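What follows is a short report on a single structure.
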Amino acid sequence: MGVRLKIPKNHVRAASLMVRERLIEGEEKNVVAKSGLIAHGRGEAFDYLIGEETTPAALFATRAAAAALLLASRPVISVNGNAAALVPGEMVRLSDSVPAPLEVNLFYRSRDRELAVKEALVAAGAKQVLGVGRAASARIPELFSERRKVDPRGIHSADVVLVPLEDGDRTMALKRMGKFVIAIDLNPLSRTAQTADITIVDNIIRALPNLVSAVNELKCQDRSALRGMLESFVNRKNLSSMLIHIRNRLSRLAEEQ
Ligand code: ATP
């Protein structure tokens, strides 16, 4: 175990430092891969540009994502190491609310890591976790990383898949399999963001609680109202709004210098 950092509560970047600590702890427990720490850095950089807050465009995408999950016949929530370390409780709450099973899906897959991620979800209240060990017996075609392993009861037979923090190759492979893909990604320019059907450009730390609230709020709506919400959402337009938000924010900041 590394030396734990004591973060003063009034430190200007306390929240962000605490998130980093959670990831470091996750890495020590084998939940987070070393590359997951680097991926978080890329996300942080975009969050800095966005202003570390949920934008109206991100909230619009979150509500469309909630509608898609509620309308799905077989929705599945894919969980990687960073998501399990940062928002395990919200993952479980979302899974219960939709309802949709949780499936472990790791780029750097090993038996130990699968079990560590499962354990983090079970500790947060999950009753069932798919995609562990022999259960991940199906394969995503044309994908060569360990991420191609999927559970036949989960992602393999899903119609809608939520992929928080996904890599572009796998998102494209899921699309080729005919899945409706919902991604959470702070980088509006990543291949994942550009390929998904709905991209929530927000930090997973803020997006997941918002998604749980949206699902709980929209649950009582009839299917035609949910369909209407989904039809009014256009991912390209939403990504464009996020880029315009960043551009305008940077212009404002530049003028204030
Ligand atoms: P792609 O393969 O889709 O083009 P990439 O190579 O950047 O993108 P990875 O490095 O596999 O993808 O995944 C990291 C992605 O996750 C980055 O796009 C980063 O912005 C995003 N990310 C990291 N941490 C968070 C977070 N806390 N919340 C939301 N997104 C995050």
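What the table below lists for this structure:
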quantity	calculated
Among H11, S95, N203 the positive-end extreme of the charge dipole of the chain (Cβ point charges)	S95
Most to least packed among 15-24, 158-167, 224-233 [average Cβ atoms within 10 Å]	158-167, 15-24, 224-233
For region 1-108, the spread of Cα positions along each principal axis, largest first, Å	46, 32, 22
Two-decimal ratio, region 40-79, of alpha-carbon radius of gyration to 2.2 N^0.38 Å	1.51
Percentage relative contact order, region 108-189, counting C-alpha pairs under 8 Å, at least six apart	22 percent
Charge-dipole axis of the chain as Lys and Arg at +1 and Asp and Glu at -1 on Cβ define it, positive-most pick from A45, G133, A183	G133
Region 72-228 - share of DSSP beta bridges that are antiparallel (%, nearest 5)	10 percent
Model label zone, S224; criterion: amide N under 18 Å from point 7 Å along Cα-to-beta-carbon; scope region 58-99	71
Tail fraction, Cα-Cα pairs, region 70-134, threshold 19 Å, whole percent	24 percent
Per-pair calculated FRET efficiency, R0 = 25 Å: R191 and R249 via Cβ, rounded to 0.05	0.55
Shape of region 163-254, Cα gyration tensor, a/c cut at 1.5	oblate
Label-point gap, in nm, between H11 and E28 - each point 7 angstrom along Cα→Cβ	1.5 nm
Dipole of the chain, positive end: most advanced residue of V76, S145, T62 [Cβ charges, Cα centre]	S145
Mean shadow area of the chain, taken as a quarter of the surface of its Cα convex hull (nm²)	14.3 nm²
For region 86-240, size of Cβ-based charge dipole, Lys and Arg +1, Asp and Glu -1, in debye	360 debye
Where labels lie 7 Å past Cα in the beta-carbon direction, separation of S240 and Q128 in nm	4.2 nm
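Each reported figure results from applying straightforward, stated rules to the coordinates on display, with no laboratory input. Here the structure is a predicted model, which means the values were calculated and not measured. All Cβ positions, even for glycine, are placed from backbone atoms using ideal geometry, and neighbour counts span all protein chains on display.
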